[in-house]
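In what follows, a structure is listed as structure tokens, so that the remarks can point back to it.
The numbers here are math on the coordinates, done by the rules we state, and not lab data. Computed from a predicted model, the values in this text were never measured in an experiment. Cβ placement follows ideal geometry from the backbone for every residue including glycine, while neighbour counts extend to all protein chains displayed.
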Amino acid sequence: MRSLVVLPDDRPCAPCAPTLPPARPKGYCRPLPPARKRPKSVLWRRVKQTVAVLLVATLTGGGAYAWLKTDLPAQARLAAQDMIGDAGATVDMRLGEVNVQGRVHAPLEALADAVGVERGDPILSLDLDGIRRRVESIGWVKQATIWRQLPDTLHIEIVERDAFARWQIDGRVYLIDAEGKVLEEGDRADFHNLFLLVGEGASDKAHDLLDMLQSEPVLASRVVNAIRVRNRRWDVEFDNGIVARLPEEGAATAWARLIELERSHGLLRRDIKVVDLRLEDRLIVQLNPEAEPPPPTTNTPRKAGKRT
């Protein structure tokens with residue numbers, strides 16, 4: 001059987017022939033992948049990080065020092081206020097009304113002087129923080145909040161302190177709160193119900209005295225005066241004129257002792273002037289020299305009777 005012979009004209013044409021990769025020349029070898037960079041040592045990275053941190057700290061510290069030790073903040077604030085104030089004046093936003101809330105006892109004159117603004121001032125240039133500090137410097141004012149309401153209103157809301165007692169020193173009388181803060185000078189008639197503290201240092205110890213007295217509210221309500229003796233101890237005067245002398249150390253114990261004596265013997269209802277509690281183991285009572293002596297007792301002779 002004759003084998004099939006493929007002549008040159010019978011070979012597949014180029015478009016029908018499969019696409020083969022080009023033949024590799026002699027000496028060809030596959031290219032190597034790019035060489036990886038050798039990682040830097042951990043020590044070098046730490047050195048760079050340390051240098052960067054020191055540089056940032058130096059720049060930050062130097063800037064903060066220059067900002068705090070110079071008047072740059074004040075100059076920047078003043079420049080900003082001037083710029084804002086000029087802008088507010090340009091658009092005609094000026095102060096027309098001041099609204100005060102929470103005032104009961106604070107003097108209006110002192111409050112007006114502390115605010116220190118006038119109608120027609122550029123409202124955006126007002127120093128609200130400065131106004132707040134001046135208002136809080138008034139004795140009655142415990143806290144102040146200041147804010148603007150554009151276009152023309154300034155709001156001031158204050159919280160006042162509570163009057164606790166009257167304090168007399170060097171012939172003058174002041175109103176104070178429980179922490180000894182002076183509210184105002186003068187013995188106002190509407191505060192005469194408050195008891196009177198007398199002497200140097202009495203205002204600083206007012207809160208401690210209140211805590212001690214309130215252990216017996218009924219007896220505390222009868223206290224009208226408390227005298228600070230040599231800034232060391234208290235003499236407490238009651239509404240009937242009796243004075244209880246308390247010791248320098250252990251005043252609360254002596255006060256509790258007085259409460260017990262009043263409950264058991266009615267000590268403060270007797271005709272006495274002073275109750276001295278300064279000695280722990282004894283009680284010294286001074287009688288009222290104006291008390292009337294008891295009537296003398298007369299012994300009438302007995303008639304002789306008949307003997308039986």
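Points to keep in mind about this one:
- Counted charge near Gln143, where neighbours are those whose Cβ lies closer than 15 Å (Asp, Glu -1; Lys, Arg +1): 0
- Under conditions of 37 °C and 0.692 mPa s, region 92-160 yields 274 µm² s⁻¹ as its translational diffusion coefficient, taking Rh as the Kirkwood radius over Cα pairs in the Stokes-Einstein equation.
- Net charge over other residues, Cβ less than 13 angstrom from the Cβ of Arg222 (K, R count +1; D, E count -1): -3
- Amide proton proximity set for Phe164, modelled H, under 5 Å, gap of 5+: Ile176, Asp177, Ala178
- Put simply, the C-alpha atoms of region 165-287 give a gyration tensor, and the ellipsoid matching it has half-axes of 25, 15, 13 Å, longest first.
- Measuring how big region 84-213 is from its alpha-carbon positions, Rg and Dmax come out at 18.8, 62 Å.
- Share of Cα-Cα pairs in region 158-232 lying beyond 17 Å, as whole percent: 40
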